[in-house]
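Heads up, the thing below is written out as structure tokens.
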């Protein structure tokens, strides 16, 4: 089965030649392919980017003969072969599929300020994606999010603070080895590809199958490493009773209402297990449970020799701050890219925004490993409190590093943050 072959069957409109605004570096075959696909495109201009020629134009996706109500659009064609790779265009929010509108308006982001225009992203042999952008300002901090939905309202990407000049070039089709796609389609005949990342360490394929978002990772030799399935946070019907019973024994469990995310991992190295992200009074906690109902520490979905690759900017941060760290896993968590590394025998979680900017790193340490100045401050300022010695977290950020303690004073639960020099950063109550 070809990875990206075929067309999603939408027509175009305008009345200017595709050659308008062209450049001498673009072959005539590209203009011909564009004119055949968008015979009525208007106000066309061209540029080249990498191996592609990119056309920007106006076109009405709903009416091939219309010359008004046109949408700003773009289309990508390979310079070699003139193959169509991707198109994107804008539509009013009100014209999104009802399923997508309802899913967004039922999400936490509905309370944010969201654009009244959405982007539609089309690629050969891949699901159409609908991209909604929303923003929120808290104090002086403004945060944006890009949400990628399929037509049946599966949220497949959630990216915080994406590049403001995003042209979706990262979504251009890539061709993995045929053995990779054969493996996917043999196991998931209804699979629809979302994204493919070819990296030095292997290939990551995101796809939709059985009504769920899924991703599989393969080594550089195309050997399968793991598959992750993201279930709806409330879809407990797909969780075996023995696993749910184990979840309810977890010290972090309150009720199923506090399950924020639910994933299922099938791995070559560590067997199969479920991951429940639970909301706690301070932070989210991941609980891992095997199919046999055993609560375990976070398994490694790959192996040390199959280190997961990351973008160059991300690897640079890891190398500078955590030399010789081994990357074990990467996944999106609440819009941030979470990269799990093993450094000096400790698992650390690094978070990056949509521009691959490092936001923070967190990890847990023993009470005996906390610097003396920090312990001295805690004992002096909170000596009359109950201090949790088993749940001390280190938070490393571009601005500073601090230690977080869980403290109970007069039946009030506090999160106390202390800088490495023994000064108080702050505290917050439950």
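The table below lists the values:
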item: Selection count where residues are assigned to a loop (DSSP other than H, G, I, E, B) and in contact (Cβ under 8 Å) with a residue 40 or more places away in the chain, scope region 380-425; result: 5
item: Output for region 195-206, where each listed residue is assigned to a loop (DSSP other than H, G, I, E, B) and in contact with a strand residue (DSSP E or B) (Cβ under 9 Å, 6 or more places away or on another chain); result: 201
item: Residue in region 125-151 that is nearest to residue 74 (Cα to Cα), counting only those that are modelled with pLDDT of 90 or more and not in a strand (DSSP E or B); result: 128
item: Hits in region 152-164 - residues which are assigned to a loop (DSSP other than H, G, I, E, B) and within 19 Å of residue 98 (Cα to Cα); result: 152, 153, 154
item: Filtered residues of region 207-226 (kept if more than 20 Å from residue 273 (Cβ to Cβ), free of Cβ contacts under 8 Å to residues at least 60 places away in the same chain and either touching a strand residue (DSSP E or B) at 6+ places or on another chain (Cβ under 8 Å) or in a strand (DSSP E or B) (or both)); result: 207, 220, 222
item: Residue check for residue 229: farther than 26 Å from residue 364 by Cα, free of Cβ contacts under 8 Å to residues at least 40 places away in the same chain and part of a helix (DSSP H, G or I); result: no
item: Failed item in (1) buried (at least 21 other Cβ atoms within 10 Å of the Cβ); (2) at pLDDT below 95; (3) over 21 Å from residue 146 (Cα atoms), with residue 73 passing the rest; result: (3)
item: All positions within region 153-164 that are at pLDDT below 90 and either in the same structural domain as residue 207 (by TED's automatic domain parsing) or touching a strand residue (DSSP E or B) at 6+ places or on another chain (Cβ under 9 Å) (or both); result: 162, 164
item: Residue 189 in a loop (DSSP other than H, G, I, E, B) and buried (at least 18 other Cβ atoms within 10 Å of the Cβ); result: no
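The values are calculated or read from the model by the stated rules, or taken from the named source; none is laboratory data. Bear in mind the structure is a predicted one, so any value in this text is a computation, not a measurement. Cβ atoms come from the backbone with ideal geometry, glycine included; neighbour counts cover every protein chain shown.
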